[in-house]
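Asker: Below is one structure. I have some questions about it.
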Amino acid sequence: MRMINSHCGVTEDARGVATLTICNAGPLNILNTTVIDAVREGLQQLAADDTLRVLIIAGQSDRSMIGGADIKEMATLDQASAERFITGLADLCETVRTVPFPVIARIPGWCLGGGLEFAAACDFRVATADAKFAMPEVRVGIPSVIHAALLPRLIGWSRTRWLLMTAETIDASTALDWGLIDQVAPPGELDDAVERLVGALLAGAPQALRAQKALLTAWHDMPLRESVEHSVKVFGQSYLTGEPQTLMGEFLNRKR
């Protein structure tokens, strides 16, 4: 594993699949300001690599990918420093949300608060059967903010309201049923489940997949008519890559 910095290790394979591992952040991979800045640096470096096709986010400990934000640090904040801290976390979530190729969150164990917001900003979430999810902020005197705003788009307003206002914990089966995660892996099979998803993504054309990711990100903020009009232009631009001509030609030749 290549270390980008003390909290961010990376492995890459010949397929263009990278794994970013959050390191040296305690047994639950907790986000303090130092870790937040380090992981954002690693993500920015990987996002700029045109050879990469898929990114997996993992934690060094299999007790969690990211357990949450650092309560010890947050307990010392005032209004100004609290806004600086949460802006840093928002920037981290936005950085992973806008990586230009698919991002998979590999989720064992606990996924709480800021860790769940980070996971929601990834494209896919694959969890272990014993994973637990919660937004416990109101129980320590703060509201859930920043990329918790993605949750209504994932699970609807009623379930988001339940998570954020009750602060109750849900299990992986419930999270899957709600649409909070995409897949639950049987015990000992988390990496196999992630690899199957990687294989499905690699079956897509690289530039088309990047274009699809960009469209999905843009559609979050666009009304329907604007989304449709914007996508027409992206469709036309896809022919500049040569992928449609090559892959459609191969498809037609197989049919003969």
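Nothing in this text is a laboratory measurement; each read-out follows from the coordinates by a stated rule. For clarity, every value in this text was computed on a predicted model and none was experimentally measured. Note that we place each Cβ from the backbone using ideal geometry, even for glycine, and neighbour counts take in every protein chain shown.
Asker: Please work out whether the chain counts as rounded, prolate or oblate from its C-alpha gyration tensor, where a ≥ b ≥ c are the square roots of the eigenvalues and a/c under 1.5 means rounded, while otherwise a/b larger than b/c means prolate and anything else oblate?
Answerer: prolate
Asker: What is the angle, in °, between the Cα long axis of helix 190-202 and the longest principal axis of the Cα atoms in the chain? Nearest 10 is fine, range 0 to 90.
Answerer: 40 degrees
Asker: Can you tell me which of 135-143, 56-64, 121-129 comes out highest on packing, and rank the rest after it, using the mean Cβ neighbours within 10 Å?
Answerer: 121-129, 56-64, 135-143
Asker: Across the stretch 67-82, in residue order, what do the Karplus-derived ³J(HN,Hα) couplings come to in whole Hz, using 6.51 cos²θ - 1.76 cosθ + 1.60 with θ = phi - 60° and x for Gly and Pro?
Answerer: x, x, 7, 7, 5, 4, 6, 5, 5, 9, 7, 10, 4, 5, 6, 5
Asker: Starting from the 7 Å offset along Cα-to-Cβ, what nm value, one decimal, do you get for the label separation of residue 169 and residue 91?
Answerer: 3.3 nm
Asker: How much of the DSSP bridge set in the chain is antiparallel, in percent, rounded to the nearest 5?
Answerer: Around 30 percent antiparallel, to the nearest 5.
Asker: Among residues other than residue 27 whose Cβ falls under 11 Å from its Cβ, what is the net charge (Lys/Arg +1, Asp/Glu -1)?
Answerer: Net charge in that neighbourhood comes out at 0.
Asker: Next question. Arranged from highest to lowest average of other beta-carbon atoms within 10 Å per residue, in what order do the peptides 159-172, 97-110 appear?
Answerer: 97-110, 159-172
Asker: In terms of modelled amide H atoms, which long-range or inter-chain residues lie less than 5 Å from the amide H of residue 185?
Answerer: Counting only residues 5 or more places away or on other chains, the set is 127, 128, 129.
Asker: Between helix 224-237 and the chain, what is the angle of the helix's C-alpha long axis to the longest principal axis, kept within 0 to 90° and rounded to the nearest 10?
Answerer: Approximately 50 degrees, to the nearest ten.
Asker: Helix 33-47 versus the longest principal axis of the chain: what is the Cα-based angle in degrees, 0 to 90, to the nearest 10?
Answerer: 0 degrees
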